[in-house]
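Here's the structure, in structure tokens; my notes come after.
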Amino acid sequence: MMMVSVIMITYNHENYIKEAIEGILNQDCDFDYELIIANDCSTDNTNIVINDLIRSNKSKVKIEYFNHEVNLGMIPNFVFVLEQSKGKYIAICEGDDYWTDPLKLQKQVDFLEVNEEYSYCGHQSSELKNDIVRETLIPVKEFTFKELIFSNLLNTATLLIRKEAISKLPVFFKNVPAGDWALQLIAIKDKKAFVLNDNMSVYRVHSQGVWSHLDKEEMCMRGVATVEAFKGFYKDNSSKKLINEAIKQRKKKFGIYKPSLIERGWNKFKRSFLKLILP
């Protein structure tokens, strides 16, 4: 049985993907794991770099590579690569992030194998911006939906998720703007998440980053849209109240200085985007 599927989506990451792939292939595990890469029709040399690494790969890790001829978009590409996975657990590393600890997967699998009450676990990580690596601190050991609905606590590259927790993704997932956060909100529905204290990955902040290049108003609108999508997924009254409060807080956080501007921007965004994900 394949224990872990590591899934990697990439687009125009020619300068970063070598480090990302090598961090995965260098894992020291007592179980089998696979790496599945989906290149979303990159226009740079990402495909060349990946093929060179596959040809030179001397590890025992099976690499399955898909180079799309048509751009699918980030979330549809993620759904595609998830559907190819065979592992009991899903680990994620996008093509511009990287892992720093060769025991990352082993530590996370060891934890989840004996702690069934958690649907996934993450860990501490660092942020790389302008050639400076800065450690970021997650101040909690565990959390539930009640905390997660207000903030995305974990970077994607830290996650190890039970596949059964995300095997049936809702239809709206393909259109949410914050896919990593939405994935966790789906996975945590009936359980909890845990944060290992080890720092084992780096999140890269750069001008081409899907999230890191956005201004505050766009972050607000994308965050609110993501939370809005879960109104039909979490149907109990207590969860609905938390969702509404999270929406209010996020609008206030990013719109408090220019409330009229943020409302105009939100209405425009809602017309063009929310119609795709809301019933």
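No value in this document is a laboratory result; all are computed from the given coordinates. Because the structure is predicted, anything quoted here is derived from the model rather than measured. As a convention, Cβ positions derive from the backbone with ideal geometry for all residues, glycine included, and neighbour counts pool all protein chains shown.
Things worth noting here:
- Computed on region 41-195, with alpha-carbon pairs under 8 angstrom and 6+ residues apart, the relative contact order is 30 percent.
- In region 68-137, Cα pairs under 8 Å separated by at least six residues give a relative contact order of 14 percent.
- Of every Cα-Cα pair in region 92-168, the percent that sits beyond 22 Å: 27 percent
- GNM flexibility winner over the chain from 114, 49, 61 (Cα, springs under 10 Å): 114
- Burial order of peptide ranges 173-180, 122-129, 89-96, 230-237 (average beta-carbon count within 10 Å, highest first): 89-96, 173-180, 122-129, 230-237
- For the options 12, 115, 77, a Gaussian network treatment of the chain with springs between C-alpha atoms closer than 10 Å singles out 115 as fluctuating the most.
- Computed on the chain, with alpha-carbon pairs under 8 angstrom and 6+ residues apart, the relative contact order is 19 percent.
- For the chain: Kirkwood Rh in Å [reciprocal of mean 1/r, alpha carbons]: 19.4 Å
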